[in-house]
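Quick notes on the structure that follows.
Quick note: the coordinates plus some simple rules give every number you see, no bench work behind them. Please read these numbers as outputs of a predicted model, since none were measured by experiment. For neighbour counting, all protein chains shown are included, and Cβ atoms are generated from backbone atoms with ideal geometry for every residue, glycine included.
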Ligand SMILES: [Cu+2]
């Protein structure tokens, strides 16, 4: 009986270790930008909140809709916005990382099939302790930028 409860405790412990950082991470409003027809790539955006007291790094993203998935950011290179892969995205303890157009994003490269508005793409996020979380990102048609207001 004693051995059994020790075994049970051991199992509980390993489950806790496996869950890890992902347990303290909440993802809000994940979405994928609907790519124009025949576009080879698109971006996924979301807010990743870390409710734990340890900093977490997002080190990898994966999804079944594209052949390659990368973590990207935008940099201003002499006035031109360019995308660059980043090795990780930091989510500070009790903080959040905002993935949004023009900033950090998950890049879906080499799409296997055209996406449809409203369908969900499961995106698996892997953190630096090896734990992971999968979120369903809805495919959303990008809203056109608001028209500039002219004042005279
Ligand atoms: Cu990108």
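Tabulated data for the structure shown
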quantity: Ordering of 77-83, 96-102 by packing [mean C-beta count within 10 Å, highest first]; calculated: 96-102, 77-83
quantity: Gyration tensor verdict on segment 21-134 (Cα atoms; rounded if a/c is under 1.5, prolate if a/b is larger than b/c, oblate otherwise); calculated: oblate
quantity: Whether segment 27-80 is rounded, prolate or oblate, judged on the alpha carbon gyration tensor where a/c under 1.5 counts as rounded; calculated: oblate
quantity: FRET E, pair residue 92, residue 38, Förster distance 41 Å, beta-carbon r, rounded to 0.05; calculated: 0.60
quantity: Extended-chain gain in nm, criterion 0.36 nm per residue less alpha-carbon gap, residue 51 and residue 73; calculated: 5.6 nm
